[in-house]
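Nothing in this text is a laboratory measurement; each read-out follows from the coordinates by a stated rule. Because the structure is a prediction, the values reported are computed rather than measured. Neighbour counts run over all protein chains shown; Cβ positions are idealised from the backbone, glycine included.
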Amino acid sequence: MKPSVSHHRCDSSAEYELLIDGANCGSCVKKIETALRNVQGVDHAEMNFAQRTVLVSGSSGVEPLINAVEQAGYHAKESVAENDEAAMTEKEASDQAYYKKLMRDMSISLGVGIPLMLYGLFIGDMSVSSPAERFAWLVVGIVTLAVMYFSGKHFYTGAWQSFKNHSANMDTLIALGTGTAWLYSMVVIIVPALLPDMARHVYFEATAMIIGLINLGLALELKARGRTSEAIKRLINLQAKTARVIRDGNEVDIPIEQVRINDQVRVRPGERIAVDGEVLEGRSSVDESMLTGEPIPVEKTQGDLVSAGTINKSGSLVFVAKRVGKDTALANIINMVKKAQNSKPPIGRLADVIAGYFVPTIMIIAVISALIWLNVGPEPTVAFAIVSATTVLIIACPCALGLATPMSVMVGVGKAAEAGVLIRNGESLQTASQITAMVLDKTGTITLGRPQVTDIVAISGYSEEDVIRLAASLESNSEHPLAEAIVASAKSRDIALSDVSDFNAITGQGVEARVGEQSLLLGNKKLMKERGIELSEQVIEQAQVFAREAKSPMYFAVDNTLAGIVAVADPIKDDSVAAIKRLQGNGIRVVMLTGDNQATAKAVADKVGIDEFYAEVQPQDKVDKVKVLQDENEIVGMTGDGINDAPALAQANVGFAIGTGTDVAIESADITLMRGSLHGLADAVAVSKATIRNIKQNLFGAFIYNVAGVPIAAGLLYPVFGILLSPVVAGAAMAFSSLTVVTNANRLRFFKVKEH
């Protein structure tokens, strides 16, 4: 595999992605990360063992990082890839070349090992008792040495580098195991007199078979782990290759790398939008499902924002480029998913720590095992000691242990991204699986966050159209959110507004103005009372009904006579009720916090089925409520969409940003729900639980394999059952265990969140 480095600079610090060559086991992770963190200027270094990549941030520069990796016994060099697609292509080509090399090495070593093993099983007993046999086995020994050099050189080189750094890894185990078997066999051939007759047995087939099987395991693992990065590939494939830019009145197709900010870009029906921008002209529906998970196309017209990667469905749009290259929302998402895939949950860091101590421990066990066989074992004690120590070294390789977490995290983060759920790091992925209480902000989270006119009651001979036309004309001079809702309602009915004069906003009460000869007044009950406008019991009762339904009633008067009531409300999202039920169905305690008044809060809580809610809370109150829940031993998820929710998002164990995919939301939250639906919360929790369950399965398999395999390899079953594992069986089992872990992680790709 060709090692490489790519870097992305921002401000005074830089971020580097290093592809590592020579890391073959979990203990390598700790060594490489430690070496990089010791480089001056490095702020953060985290390795993804499954992808053999390290993300490094800091001001060190790339050369010191490469040197640190080299001194630790591994390799890295700079990538020539200029974008994500090129980097992915380069990595795939590199992996393919490495796969071919491993398969070639495997063919050579098994080509020698299998005939030797068959000979030992069916023809001879691999013993050395005559000069002719010594000569024949000497030739075989030289051939095996050639196999060790051509097919297993990377193991011995890695072991030597580790030795020079006073450490040990998987290569150490393989080198010691196969080297010991070969050296012992050569001693049998060259100086047989040193050993008793019963111990004159050669193990060349073990050496060749182990090298072949481990190479086979690495090749199959490489092939399987390539499938785990499909989410990244799909995201990268969303990027358009070219854009139709309008320059000097002409439309020209250019590579997206050449699109500049403020360029005017035309996108035709069926085309993919190349960069982020704001629509200047045209009307169309845009499929944003690949970006947000939301299947329904979104209508776009002048002033609306469009995002790179989405598909223009029907009409032609001209938009001005606002963000290009690595600044687009899609590029940010790709970068975020890559970072999350590269990070580890706490459970993964624990596995790395264990793996780091595992190899030295196993070497000690192998030595103790050999000493026991030498002192109390049956004849030939030397042969039994060699076999048991070699088998312990091979079977204990922590390769599967090192793969267990990163493989699952990669698939899990990718799976969540496909559902429009962006997980920021491995820690939040793990914590999301443990959430017991979910705190929801109301406005913009449970509701749309955009007030709409819900009811118009016309009085005193006025029609609904009269009321909304005059009220909208009056409010067209106001910037209040409720005023925007009334104006939007009139526009949606294609009602032309009238010019107003003498507009006056009355603080805390409403607004007034004139349209022609008519005086208009819109506001609350207090305003009507002060102006002497009579409100009947029936009208007041109707207003109270609206209030109980979480609507804001406004009285509208013309020439000092009540003309109607306009009710405005922030509608509850269509799927909020079902999503909250999903959360509650998973045993999660759902709590609503809002700065809105008690009546509105209660009405919304009742509608969506939340029993526990707190109204009229300030940002600090939200933080305090989260703390109270945490004091009750709840693992708290906080979901919000605004700046006022930011402190509570930070205080919660996991912060979820309801999102529209804005930079602020993506950057501030642990998890971002791109499509803004609360179903994303249940999806995130479901994917998180499935991923952590998958990691535990992998860790269990890897630990059980080592825990059960090592005592058997050491000969624990021999005194009772006469069972002593062959090193060949250990090599095959080790390769199989890695393949099992990788296959189980890939199984997560088929996980489906509950349909909703």
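Taking 41 Å as R0, compute the FRET efficiency from the Cβ-Cβ separation of H44 and I506 and round it to 0.05. In this case the efficiency is close to 0.15. For the range 404-494, the convex hull spanned by the alpha carbon atoms encloses 149 Å³ per residue. The simple Förster model, with R0 at 35 Å and r as the Cβ-Cβ distance, assigns V298 and N237 a FRET efficiency of 0.95. For the chain, the longest principal axis of the alpha carbon atoms and the long axis of helix 727-747 meet at an angle near 10°.
Annotation: amide H-H contacts under 5 Å for V591 (H modelled 1.01 Å from N, sequence separation of 5 or more, or interchain): M438, V439, L440. A straight Cα-to-Cα reach below 27 Å connects K525 with the lysines K442, K491, K551, K602, K607, residues fewer than 8 places away in its own chain not being considered.
List the relative contact order of the chain as a percent without decimals, with contacts defined as Cα pairs under 8 Å and 6+ residues apart.
This gives 13 percent for the chain.
Among the GluC sites (Glu not before Pro) in the range 549-631, those located in a DSSP loop and surrounded by at most 13 other Cβ atoms within 10 Å of their own Cβ are E616.
Calculate, in nm to one decimal, what S463 and K752 gain on full extension: separation in residues at 0.36 nm each, minus their alpha carbon distance. Show your work: numbers first, answer last.
Values: separation 289, 0.36 × 289 = 104.04 nm, distance 5.17 nm.
Length gained, S463 through K752: 98.9 nm.
Of all lysines in the structure, those lying under 28 Å Cα to Cα from K752, and not within fewer than 8 positions of it along the same chain, are K223, K233, K313, K338, K339, K344, K415, K573, K581, K689, K696. Summarised as an ellipsoid, the range 381-420 has semi-axes of 42, 5, 4 Å, derived from the eigenvalues of the Cα gyration tensor scaled by 5 and square-rooted, with the largest first.
For the range 663-751, state the average projected area of the convex hull of the C-alpha atoms over all orientations, rounded to one decimal in nm².
So the Cα hull casts an average projection of 8.5 nm².
The C-alpha atoms of the chain define a longest principal axis, and helix 679-714 lies at about 10 degrees to it.
Normalised by residue number, the volume inside the convex hull of the Cα atoms of the range 705-753 is 85 Å³ per residue.
Which shape class, rounded, prolate or oblate, goes with the range 28-187 when its Cα gyration tensor gives a ≥ b ≥ c as root eigenvalues, a/c under 1.5 marks rounded, and past that a/b bigger than b/c marks prolate? In terms of gyration-tensor shape, prolate. Kindly provide log₁₀ I(q)/I(0) values, in the same order as q = 0.24 Å⁻¹, from the Debye equation applied to equal alpha-carbon scatterers of the range 503-557. Result of the Debye calculation: -0.97.
For K100, the aspartates and glutamates whose Cα falls under 14 Å of its own Cα, not counting residues fewer than eight places away in the same chain, are E92, E221. At q = 0.09, 0.11 Å⁻¹, what log₁₀ I(q)/I(0) does the chain have when each alpha carbon counts as one equal point scatterer in the Debye sum? Results for the chain at q = 0.09, 0.11 Å⁻¹ read -0.91, -1.17.
Principal axis analysis of the Cα atoms in the range 434-474 yields extents of 59, 18, 10 Å, listed in decreasing size.
Beyond 28 Å, the tail of the calculated P(r) for the range 99-242 holds 34 percent of the Cα pairs.
Gyration tensor analysis over the Cα atoms of the range 252-334 returns equivalent ellipsoid semi-axes of 18, 15, 11 Å (largest first, whole Å).
Can you compute the equivalent ellipsoid semi-axes for the range 607-756, i.e. the square root of 5 times each eigenvalue of the Cα gyration tensor, sorted largest first and rounded to whole Å?
48, 18, 13
Take each of the peptides 152-164, 621-633, average the number of other beta-carbon atoms within 10 Å over its residues, and list them starting from the highest.
152-164, 621-633
Proximity of backbone amide H atoms, modeled 1.01 Å from N, is registered between K300 and S284, S285, V286 at under 5 Å, excluding neighbours fewer than 5 places apart on the same chain. Across the range 604-659, counting alpha-carbon atoms alone, Rg and Dmax equal 11.3, 29 Å.
Relative to the longest principal axis of the Cα atoms of the chain, the long axis of helix 399-418 makes an angle of roughly 20 degrees. Residue ranges 253-265, 422-434 sort as 422-434, 253-265 when ordered by packing (mean number of other C-beta atoms within 10 Å per residue, highest first).
To the nearest 0.05, what FRET efficiency results for S519 and V252 with a Förster distance of 51 Å applied to their C-beta separation? Once rounded, the FRET efficiency stands at 0.30. For the peptides 670-682, 556-568, 487-499, 63-75, the ranking by packing is 670-682, 556-568, 63-75, 487-499, with the highest mean count of neighbouring Cβ atoms within 10 Å listed first.
Using a simple spin-label model with pseudo-atoms 7 Å out from Cα toward Cβ, D574 and I261 lie 3.7 nm apart.
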